[in-house]
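The values are calculated or read from the model by the stated rules, or taken from the named source; none is laboratory data. Only a predicted model underlies this, so the values are computations on that prediction, with no experimental measurement involved. Don't worry about glycine lacking a Cβ; one is built from the backbone with ideal geometry, like all the others, and counts go over all protein chains shown. All accessible areas refer to the heavy atoms of the entire protein, side chains included, with ligands and DNA or RNA removed. Shrake-Rupley method; radii C 1.70, N 1.55, O 1.52, S 1.80 Å.
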Amino acid sequence: MASKAIGIDIGGTGIKGAVVNIRTGELVSDRVRYETPSGGRPEDIAEVVKRIVAELPKVSSRAPVGICFPAVVQHGVTMSAANVSKEWIGLDADSLFTRVLGRKVHVINDADAAGVAELKFGAAKNRRGLVIMTTLGTGIGTALFINGHLVPNAELGHLEIGGVDYETKASFAAKERENLDWATWSERLQTYYSRLEALFSPDLFIVGGGVSKNHQEFLPRLKLRADIVPAQKRNSAGILGAAWAAADRHLED
Ligand code: BGC
């Protein structure tokens, strides 16, 4: 496997990238970050990604480039758009970024990327069994791993509970929007994780997203059979996991 790869994490508010050593799981450059262009349209986002790659330290033109994105990404095609422009639905994102960057790009779902980072280098390193990664941000992202293998595109943030898409109730954005205190938000998290546990009986839950740095405020309040732990790679998980997945993919090509 190549040792260096570029990872780019596209989110609803920011787009960030760095060069990653995919053997050690460390960022080997500063992170470059720009705001996500308003509207989140494909060509506008692709231009920002191009600027980020141009500003990163030079790596071999054959180094893998991995991008993660907040949508279902099936074989490089973005298939949903919960919190981004609907123009992404059905778009061949692999081809768009490959054309704009002039280098081969591999796009995956953002929560899948964050989960890969935790599985390879973080909170679930070498964990077997069923691991469910969750990210609490603008939406709720989820990734399923069985014995270290990713089952891609689990969209469990949109689980319907009480007739509503539950990411609208339990994401970090919902906490902010409704000005919920930790205790009230934790009750919603309890409802959400209990439902996941009833459906999947995982061995481990991992909780990522920026708010996981405040995990002491809410994780101790949750009563579950499985362990529930904070992510370790937090801010860089998407970058790291996208880069790792792209490098892994290069091996197959
Ligand atoms: C999207 C997922 C994404 C998650 C976190 C959800 O609204 O449907 O694809 O992983 O948000 O960004």
Requested in this report: For R62 paired with L222, estimate the spin-label separation in nm (one decimal), with each label point 7 Å from Cα along the Cα-to-Cβ line.
Outcome: 4.3
Report summary line: Computed over segment 126-231, protein heavy atoms only, probe 1.4 angstrom, the accessible area per residue in square angstrom equals 47
Query - Relative contact order of the chain, pairs being alpha-carbon contacts under 8 Å that are 6 or more residues apart, as % - result: 23
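Among the trypsin sites (Lys or Arg not before Pro) in segment 51-105, which ones are in a DSSP loop with at most 13 other Cβ atoms within 10 Å of the Cβ? Mind listing them?
Working: sites: R51, K58, R62, K86, R99, R103, K104; in loops: K58, R62, R103, K104.
Sparse-neighbourhood loop trypsin sites (Lys or Arg not before Pro): K58, R62.
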**Report entry** Computed label-point distance, nm, for sites S194 and R41 using a 7 Å Cα→Cβ extension
**Finding:** 4.6
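Treating the beta-carbon of each Lys and Arg as +1 and of each Asp and Glu as -1, no other charges, what is the dipole magnitude of the chain about its Cα centre, to the nearest 20 debye?
Details: 30 positive and 29 negative charges, 147 e Å.
In debye, rounded to 20, the chain gives about 700.
Mind ranking T142, T168 by accessible surface for me, highest first, 1.4 Å probe? Mind showing how you got there, number by number?
Details: T142 5, T168 65 Å².
Per-residue accessible area, sorted high to low, gives T168, T142.
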Report summary line: Zone reached by a paramagnetic label modelled 7 Å from N126 Cα along Cα→Cβ, restricted to segment 146-166 with backbone N below 15 Å, covers 148
Report summary line: Partner lysines whose C-alpha sits under 25 Å from that of K223, ignoring same-chain residues fewer than 8 away, are K125, K169, K175, K213, K233
Query raised in the report: Can you pull the accessible area of H149 for me, 1.4 Å probe, Å² to the nearest 10?
Result: 130
Query - For the chain, the spread of Cα positions along each principal axis, largest first, Å - result: 49, 38, 29
